[in-house]
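The values are calculated or read from the model by the stated rules, or taken from the named source; none is laboratory data. Note that the structure is a prediction, hence the values are computed from the model and not measured. Positions of Cβ are backbone-derived with ideal geometry, glycine not excepted, and every protein chain shown enters the neighbour counts. To get the accessible areas, we keep the full protein, side chains included, count just its heavy atoms, and leave off ligands, DNA and RNA. Shrake-Rupley method; radii C 1.70, N 1.55, O 1.52, S 1.80 Å.
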Amino acid sequence: MANFFKDNDDLQYYFDEGVDWDSLVRITERDFADADGEGFATTEEAVSFYRDIIEMFGEFVAKEIKPYEREIDANGVEFVDGEVVFPERLAGIFDKIEDLHLHSLPIPRELGGMNAPMMVYFMNSELMARADVSAMAHHGFHAGIAMAAIVFSAIEGSSDIDPKTGRIKETRWQHVVSEIASGEAWGCMDITEPGAGSDMAALRTVGEQDADGNWTVTGEKIFITSGHGKYHFVIARTEDVDPDDPMGGLNALSMFLVPAYEEDENGNRKRIVQLSRVEEKLGHHGSATCGLVFDKAPADLVGKRGEGFKYMLTLMNNARVGVGFECLGLSESAYRTALEYAAERASMGKTIDRHEMIAEYLETMKTEIQGVRAMAVTAAFHEEMSQKLALSIRYGDLDDAARAQMERRIKSHQRKARRITPLLKYFAAENAVAHARACLQIHGGNGYTTEYLPEKLLRDALVMPIYEGTSQIQALMAMKDTLGGIIKNPQRFVRRMAQARWRSVSSRNPLERRVAQLQSLSLSAQQQLVLKTAGDKVKALRGKPIAEWTDELTKNWDPKRDFAFAMLHAERLIQLLGDTMIAELLLEQAEKHPERVDVLERHLERAEPKARYLHDQITTTGQRLLDRLSASSPEMTDQAAE
Ligand SMILES: Cc1cc2nc3c(=O)[nH]c(=O)nc-3n(C[C@H](O)[C@H](O)[C@H](O)COP(=O)(O)OP(=O)(O)OC[C@H]3O[C@@H](n4cnc5c(N)ncnc54)[C@H](O)[C@@H]3O)c2cc1C
């Protein structure tokens with residue numbers, strides 16, 4: 001019997017060795033406070049349950065979804081009388097998921113869920129995406145939104161949580177969570193508008209409050225995945241834009257929860273938010289991508305006015321990690337489809353997997369999937385730990401010392417999650433496209449026909465670098481955090497460079513030396529970017545070593561204006577950062593588990609020459625284009641664009 005978990009050694013490695021389950025179980029089981037009731041008494045007991053779930057789901061997706069992925073793609077979803085209608089096959093799949101209670105997998109036990117860590121949910125997402133990404137995307141908007149409702153309520157202080165046991169006695173959107181947990185409803189995240197996607201400061205939808213304090217939302221949203229769902233977290237403008245806002249207008253946004261329709265006891269639906277359209281798309285056909293019109297739709301303000309961006313980041317960080325796992329599923333499907341085909345297709349006296357170039361394609365796909373999985377599991381771990389610890393510190397009964405220690409742990413997890421999440425989203429998405437493309441190429445002419453799977457995988461993959469923040473936006477985030485960190489603390493950066501250089505020549509472990517060389521190249525490119533950036537802004541700094549910079553430099557930076565050179569090279573930088581991060585994670589694994597040396601070596605063989613090339617590009621190119629851009633006035637550029 002096919003099983004997408006049991007046939008995947010790399011994923012099983014993470015399950016068995018690569019996840020700090022003890023920390024995740026303790027925080028999720030609140031130090032086994034429910035052991036006398038339905039909870040687990042030990043980490044082993046909990047992990048054995050998680051394994052049962054994943055193994056069961058691995059078989060479910062292989063049997064119930066994978067054989068029908070072409071059918072799901074061909075049928076899509078329909079838009080009938082202002083509502084989305086799922087074809088019988090897809091609806092049946094979701095009914096079965098509901099029967100297995102898997103919509104409620106990470107929802108706390110006391111709210112009707114299975115109380116599993118998000119890590120288990122994410123691993124399941126990879127398995128489902130390998131069967132069909134569009135079905136997985138829709139599935140992700142069930143528990144993902146319920147968890148956001150729970151976390152938002154806890155952050156804004158509207159939950160009643162027992163400080164001893166961590167049990168949620170009451171939470172503001174309990175009805176939302178119960179409906180989602182039972183599979184009755186699901187939700188979505190409404191940010192994008194016709195005139196604003198990446199540029200959130202340009203959003204036009206408004207939130208308005210009447211004299212009685214009630215809120216409504218008015219405006220138009222587009223491209224909303226599962227937008228036909230009931231519960232919408234909507235970002236809308238509530239404040240005038242302050243020209244001095246260092247966040248460039250983002251502080252004018254607020255987050256709302258808007259129910260899109262009501263139903264009476266007979267299931268008759270009255271829409272409050274109208275569905276204007278369902279997009280005809282290149283791929284992702286089993287997922288509804290909706291346009292919505294909000295006309296004074298009653299809404300709950302989440303948190304305080306002007307805090308929308310903060311809440312959105314919480315939601316989006318999780319969603320980006322989710323997309324990382326989704327991309328992994330697609331890449332895994334592309335790799336295995338290509339592997340199987342190449343082992344059977346003969347050319348010039350041997351099967352094509354024996355031809356050197358094709359063998360290299362296949363090995364590259366495998367290596368990149370393993371690298372992305374290392375990042376995905378690490379990002380998921382730190383994201384979940386930081387969020388759950390942050391909740392427990394809010395409600396826990398802690399003395400000062402315990403609180404201080406907890407705060408340090410939270411900061412450390414937050415820092416790591418923030419560093420790795422854009423790298424994961426970028427690499428996972430770009431690789432998914434590259435892997436689907438390689439899969440198609442390996443299929444030759446067959447790959448270009450609709451009779452074979454690769455064209456569907458490629459169509460599905462192409463959206464990955466676009467949604468949940470485009471690849472370019474991930475690159476900008478990583479670049480701003482990296483350079484911002486150096487400018488804030490130049491001395492620490494200089495120390496890191498010195499340490500990497502020292503390890504690259506002195507370490508006894510040759511693999512550690514190679515990883516340190518990669519780090520050195522990445523740091524050297526960062527140094528070049530920061531020296532050029534700072535030198536352009538503060539003439540006095542030209543030619544001055546970073547170690548001699550003073551506090552003065554940390555003031556009055558405007559990333560939009562001052563980082564032009566770094567913005568040009570942001571995508572090159574993120575590739576350096578990501579390859580280095582993967583090497584660091586794989587080195588850690590190889591030091592503990594010798595069987596992981598092979599994947600590290602495969603990764604380094606690819607990352608090292610690529611890093612030299614990227615470093616060269618960053619240090620020698622770009623000025624010509626920047627000069628041309630600054631010589632042409634914005635008006636001219638606009639005219640040229642027209
Ligand atoms: C299938 C699908 C599902 C989606 N689901 C959702 C959803 O559930 N909820 C939701 O809110 N949205 C959703 N979206 C919208 C998606 O998040 C946006 O399309 C995406 O954020 C990009 O915004 P945009 O389309 O307006 O492109 P733009 O922002 O106009 O970007 C166009 C291009 O310019 C680049 N660009 C923009 N600004 C910069 C910059 N400063 N520097 C360099 N390059 C830049 C972008 O990277 C991109 O390549 C979905 C989209 C699709 C296609």
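Here's the yes/no breakdown for (1) among the β-branched types (Val, Ile, Thr); (2) modelled with pLDDT under 95:
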residue	(1), (2)
Lys6	no, no
Leu11	no, no
Val19	yes, no
Ser23	no, no
Asp34	no, yes
Thr42	yes, no
Glu45	no, no
Phe49	no, no
Lys66	no, no
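Of the helices (runs of 4 or more DSSP H) contained entirely in region 393-500, those carrying at least 2 residues that are within 15 Å of the ligand (Cβ to nearest atom), under 30 Å from Ser333 (Cβ atoms) and among the charged types (D, E, K, R) fall at 400-442, 454-461.
Selection of region 33-56 for residues being surrounded by 18 or more Cβ atoms within 10 Å (Cβ to Cβ) and under 14 Å from Met118 (Cα atoms) yields Ala46, Val47, Tyr50, Ile53, Ile54. Between Leu462, Leu483, the distinction of being touching a residue at least 60 places away in the same chain (Cβ under 8 Å) and in the same structural domain as Gly445 (by TED's automatic domain parsing) belongs to Leu462 only. With respect to the conditions (1) within 11 Å of the ligand (Cβ to nearest atom); (2) open to solvent by 20 Å² or more (accessible area, probe 1.4 Å), Ser178 falls short on a single one, namely (1). Among the residues of region 410-429, those that are open to solvent by 30 Å² or more (accessible area, probe 1.4 Å) and in contact with a helix residue (DSSP H, G or I) (Cβ under 6 Å, 6 or more places away or on another chain) comprise Gln414, Lys416. Exactly one residue out of Glu71, Glu126, Glu78 is closer than 29 Å to Thr450 by Cα, open to solvent by less than 10 Å² (accessible area, probe 1.4 Å) and away from the ligand (no atom under 16 Å from the Cβ), and it is Glu126.
Scanning region 509-531 for residues that are among the hydrophobic types (A, V, I, L, M, F, W, C) and either in contact (Cβ under 8 Å) with a residue 60 or more places away in the chain or not assigned by TED's automatic domain parsing to the domain that holds Thr620 (or both) yields Leu511, Val515, Leu518, Leu521, Ala525, Leu529.
Please specify each residue of region 81-97 satisfying the condition of being open to solvent by 60 Å² or more (accessible area, probe 1.4 Å) and either in contact with a helix residue (DSSP H, G or I) (Cβ under 8 Å, 6 or more places away or on another chain) or not charged (D, E, K, R) (or both). The answer is Val85, Arg89, Lys96. The strands (runs of 3 or more DSSP E) located wholly in region 265-382 that include 1 or more residues which are within 16 Å of the ligand (Cβ to nearest atom) occupy 274-278, 289-302.
Among the residues of region 215-244, the ones that are hydroxyl-bearing (Ser, Thr, Tyr), part of a strand (DSSP E or B) and either within 13 Å of the ligand (Cβ to nearest atom) or buried (at least 21 other Cβ atoms within 10 Å of the Cβ) (or both) come to 2 in all.
Set side by side, the residues Gly484, Gly469 differ, and just one is out of contact with any Gly (no Cβ under 9 Å at 6 or more places or on another chain), closer than 23 Å to Leu424 by Cβ and surrounded by fewer than 19 Cβ atoms within 10 Å (Cβ to Cβ), which is Gly484. Just the residues that are open to solvent by 10 Å² or more (accessible area, probe 1.4 Å) and either under 20 Å from Asp162 (Cβ atoms) or of a type in the set (Val, Ile, Thr) (or both), please, taken from region 98-112. Residues satisfying the conditions are Pro108, Arg109, Glu110, Leu111, Gly112. In region 184-203, the residue that is nearest to the ligand (Cβ to nearest atom) out of those that are in contact with a strand residue (DSSP E or B) (Cβ under 6 Å, 6 or more places away or on another chain) and open to solvent by 30 Å² or more (accessible area, probe 1.4 Å) is Thr192. Tell me, which residue of region 204-214 that is surrounded by fewer than 21 Cβ atoms within 10 Å (Cβ to Cβ) and among the small types (Gly, Ala, Ser) is nearest to the ligand (Cβ to nearest atom)? By that ranking, first place goes to Gly213. Taking Gly396 as the residue in question, decide whether it is at pLDDT below 95 and over 30 Å from Asp9 (Cβ atoms). Yes: the conditions hold for Gly396. Filtering region 501-511 to residues that are open to solvent by less than 60 Å² (accessible area, probe 1.4 Å) and part of a helix (DSSP H, G or I) leaves Ser504, Ser506, Leu511.
For the structure I just gave you, tell me whether Gly308 is surrounded by 24 or more Cβ atoms within 10 Å (Cβ to Cβ) and of a type outside the set (A, V, I, L, M). Taking the combined requirement at face value, the residue satisfies it. Summed over region 452-466, the residues that are open to solvent by less than 20 Å² (accessible area, probe 1.4 Å) and among the charged types (D, E, K, R) give a count of 2. Applying a threshold of 9 Å to beta carbon distances and a minimum spacing of six or more residues, or different chains, the list of pairs starting in region 10-27 at a residue that is in contact (Cβ under 8 Å) with a residue 24 or more places away in the chain and crowded, with 20+ Cβ neighbours inside 10 Å and ending at one that is among the hydroxyl-bearing types (Ser, Thr, Tyr) and not in a helix (DSSP H, G or I) reads Val25/Thr42. Count of region 245-275 residues, restricted to those that are open to solvent by 60 Å² or more (accessible area, probe 1.4 Å) and closer than 23 Å to Ser198 by Cβ, is 3. Within region 148-159, residues that are more than 15 Å from Val176 (Cα to Cα) sit with their Cβ atoms under 9 Å from residues that are in a helix (DSSP H, G or I), at 6+ positions apart or across chains, in these pairs: Ile155/Lys310; Ile155/Tyr311; Ile155/Thr314; Ile155/Ala390; Ile155/Leu391; Ile155/Arg394; Glu156/Tyr311; Gly157/Arg394. Within region 35-49, identify whether any single residue is under 26 Å from the mean Cα position of the chain (by Cα) and within 16 Å of Ala131 (Cβ to Cβ), and answer yes or no. No, that holds for no residue.
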